[in-house]
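First up is the structure itself, then whatever we jot down about it.
The values are calculated or read from the model by the stated rules, or taken from the named source; none is laboratory data. Predicted, not measured: the structure shown is a model, and the values here were computed from it. Here the Cβ is made from the backbone with ideal geometry for all residues, glycine too, and neighbour counts use every protein chain on show. With ligands, DNA and RNA removed, areas are computed over all heavy atoms of the protein, side chains included. Shrake-Rupley method; radii C 1.70, N 1.55, O 1.52, S 1.80 Å.
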Amino acid sequence: DDLLFSGCGTGYYTDCLDSAFLGQLNVGGSSYKSISDPALANTAVFDLALQPDGKVVAVGKARVAGRTQMTVFRLLPGGTLDTAFGTNGLVQLGTDLAMDQGTSLVLESDGRVTLAGYRGSSLVVVRLLASGAPDTSFGSGGGFTWGTQLAGWSPKLVRVPGGGYRVMVHVVEGGGLSTNTVCRVLALTPAGATDPAFGDGGLSGDVVVVAEHSYCSSIGADAAGRVAV
């Protein structure tokens, strides 16, 4: 029944990686316990979820060899890293599945984890097995990359009935003085491909119709598969 939270105490000139924190409050809200591990130094968490067995899966970014890289980790109920996940509790993907930052995650009923984030200006969605290894049945070798240019706001992921996904993205349109940013929703199939049955080839129209620079911050889906943004 404890509550989990994360964030960073960043100042104007401070990198969030230098001041990130992950903590736990008891059900009454009166007791705080910091969750820390040397392996999580310089790690910022942007989304987390609680498994039915009490373990916590979290995604964010870490500083690795002088640059930022997506990091996923799993904690045991007591707050220590679960060494049965990835390498000593951590997953930092390379090659075609790499992300600069993971921003959103969804837990599957069988223990798999689906993650959304970005590499450069491209959306990347990756699915991991319960062990932390890439789920090669998803996308290409475990991941889906969407080449459409994104703005820097964080992609958010939600699962819909039937096993598909909806991803809230911010797409860059135009160029130069005519550059505009619009909030849209991208649909993926359970297998990790764009879903042509949704919107125009898998992409919704503008979620917010304003003069320019619409911005969305959260997404959810109901039992019928309808999406709220």
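Things worth noting here:
- Separation of alpha-carbon centers, the stretch 52-79 and the stretch 133-183, rounded to whole Å: 21
- Size of charge dipole - the stretch 57-111 - debye, nearest 20, with Cβ of Lys, Arg +1 and Asp, Glu -1, no other charges: 300
- Largest to smallest accessible area among 198, 46, 73 [probe 1.4 Å]: 46, 198, 73
- Only protein heavy atoms count here; on that basis, with a 1.4 Å probe, residue 47 has an accessible area of about 40 Å².
- Shape of the stretch 95-138, Cα gyration tensor, a/c cut at 1.5: prolate
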